[in-house]
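The values are calculated or read from the model by the stated rules, or taken from the named source; none is laboratory data. Note that the structure is a prediction, hence the values are computed from the model and not measured. For neighbour counting, all protein chains shown are included, and Cβ atoms are generated from backbone atoms with ideal geometry for every residue, glycine included. Keep in mind that these areas ignore ligands, DNA and RNA; they rest on the heavy atoms of the full protein, side chains included. Shrake-Rupley method; radii C 1.70, N 1.55, O 1.52, S 1.80 Å.
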Amino acid sequence: MPTIETDEHKALRSAVAALGTRHGRDHDREALWSEAGKLGYLGVNLPEAHGGGGGGITELSIVLEELGAAGCPLLMLVVSPAICGTVIARFGTDAQKQQWLPGLSDGTRRMAFGITEPDAGSNSHRITTTARRDTDTGDWILTGRKVFISGVDIADATLIVGRTEDARTGRLKPCLFIVPRDTPGFTRHPIDMELHAAEKQFELVLDDVRLPADALVGDEDAGLLQLFAGLNPERIMTAAFAIGMGRHALAKAVEYARDRTVWNTPIGAHQAIAHPLAQAHIDLELARLMMQKAAHLYDTGDDTGAGEAANMAKYAAGEACVKAVDQAVHTLGGNGLTREYRLASLITATRVARIAPVSREMILNYVSHQTLGLPKSY
């Protein structure tokens, strides 16, 4: 695995950083999304044959990290090209690829991802949204509920995780369906969130939603393989989101510590200020290394290795982000809580990196069981 970025990756990082700096913290989300799409950044991971950049999650994570470091992360990068685009590119039919990938690549189309349910939480094996065949027409009929689904209002469709019954065993198995936004029976309700973010959260209700046979993505029997093809990139991109946010906060704190003078010296000259900021930087850099490892494994086709590394990267980045933001606010003292410096709002936002898309406790469960071989606790 390469440990030093290629010249191409450095150039991508520099170009995206320049884009992010132009838009900044007060960015217009739609304007930034549109420009990033036109420049080819949104679909950098998708196949060239369908309008993408021909790269992988490695390149897409650079895009999200640098936008985050500039204060303008695009959360839908995690969902639309990383999860939905990847799943369709790997498992979709030719018609699905032609219909969705060009738009996902240039940003003219977006997709949301619906997996979480009220009574399932982190246990994807308890998903109850079911899909059954209409034997007369061949249509699929979906029934169920989803919660905490990001950006449904701005998405053209949602990739819904449902379950079909295995005719041989009678057991339910996961399958993925493309549900266009205006499909009859498919309704959304905004969730009142304390966290103020550009992308809203929704509860979805699928009330006998009828879909054509070609709404199914991939093989009905592939099950978890297709599901985790989207979940591993989601974890890697969440790590990129967290690292970018942490870098943004740290940069503000470092700038303040250089300039703020008390008792004739900048406060950054004092080790009580400097050392915690240095530690935050080290933690963010270490998290980035694990994220790069996870992205490399995924892009080279090692799904098993990528699963372990993606979980570790998401854990490390979430922890590093929380510590970096906390230390940044503390460095500014009272100013860290003012609207002028705009750091306090990140305190709440950092919790997302610890909670979603999988909690740090579930990651620790995964590592203790899958990596260390300890008895399963759940």
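Can you classify the range 62-135 as rounded, prolate or oblate using the Cα gyration tensor, where a ≥ b ≥ c are the square roots of its eigenvalues, rounded means a/c under 1.5, and otherwise it's prolate if a/b beats b/c and oblate if not?
Since a/c reaches 1.5 but b/c is at least a/b, the shape of the range 62-135 is classed as oblate.
Please name which of 289, 355, 325 has its Cα lying farthest along the dipole of the range 289-361 towards the positive end, using unit charges on Cβ (Lys, Arg +1; Asp, Glu -1) and the Cα centre as origin.
Towards the positive end, the residue furthest out is 325.
Please list 148, 241 from largest to smallest accessible area, probe radius 1.4 Å, with all protein chains kept in place.
The ordering from most to least exposed comes out as 148, 241.
Using the Kyte-Doolittle scale, find the helices of the chain whose mean hydropathy is at least 0.0 and whose Cα atoms extend 30 Å or more along the helix's long axis, counting only whole DSSP H runs.
224-259, 271-299, 303-332
Which of the peptides 201-209, 253-261, 78-86 is most tightly packed, and how do the rest follow, judged by the mean count of other Cβ atoms within 10 Å per residue?
Ranked by mean Cβ neighbours within 10 Å, highest first: 78-86, 201-209, 253-261.
If ligands, DNA and RNA are left out, what is the accessible area of residue 308 with a 1.4 Å probe, given in Å² to the nearest 10?
That residue has around 60 Å² of solvent-accessible surface.
Treat every Asp and Glu Cβ in the range 202-295 as -1 and every Lys and Arg Cβ as +1, leave all other atoms uncharged, and give the resulting dipole magnitude about the Cα centre to the nearest 20 debye.
920 debye
Arrange the residues 323, 173 by how much accessible surface each exposes, largest first, with a 1.4 angstrom probe.
Final ranking, largest accessible area leading: 323, 173.
Residue farthest toward the positive end of the dipole of the chain, with Cβ of Lys/Arg at +1 and Asp/Glu at -1: which of 52, 98, 63?
63
Rounded to the nearest Å, what's the spacing between the alpha carbon centres of the range 284-342 and the range 1-80? Just the number, please.
17 Å
Do any of 38/146; 146/293; 146/173 go past 28 Å between their Cα atoms, and which?
38/146; 146/293
Using a 1.4 Å probe on the protein heavy atoms only, what accessible surface does residue 312 show? Give it in Å² to the nearest 10.
Accessible area, nearest 10 Å²: 60 Å².
Show me the three semi-axes of the equivalent ellipsoid for the range 256-378, from the C-alpha gyration tensor (sqrt of 5 times each eigenvalue), largest first, rounded to whole Å.
35, 15, 13
With r defined as the distance between the Cβ atoms of residue 128 and residue 259 and R0 fixed at 35 Å, what FRET efficiency is calculated, to the nearest 0.05?
0.05
Give the carbon-plus-sulfur fraction of the accessible surface of the range 1-44 in %, rounded to a whole number; probe 1.4 Å, heavy atoms of protein chains only.
55 percent
Quote the charge dipole size of the range 156-312 about the Cα centre in Debye, to the nearest 20; the model charges only the Cβ of Lys and Arg (+1) and of Asp and Glu (-1).
Its charge dipole is roughly 640 debye.
Just how large is the dipole of the chain about the Cα centre, in debye to the nearest 20, putting +1 at every Lys and Arg Cβ and -1 at every Asp and Glu Cβ?
I would put it at about 860 debye.
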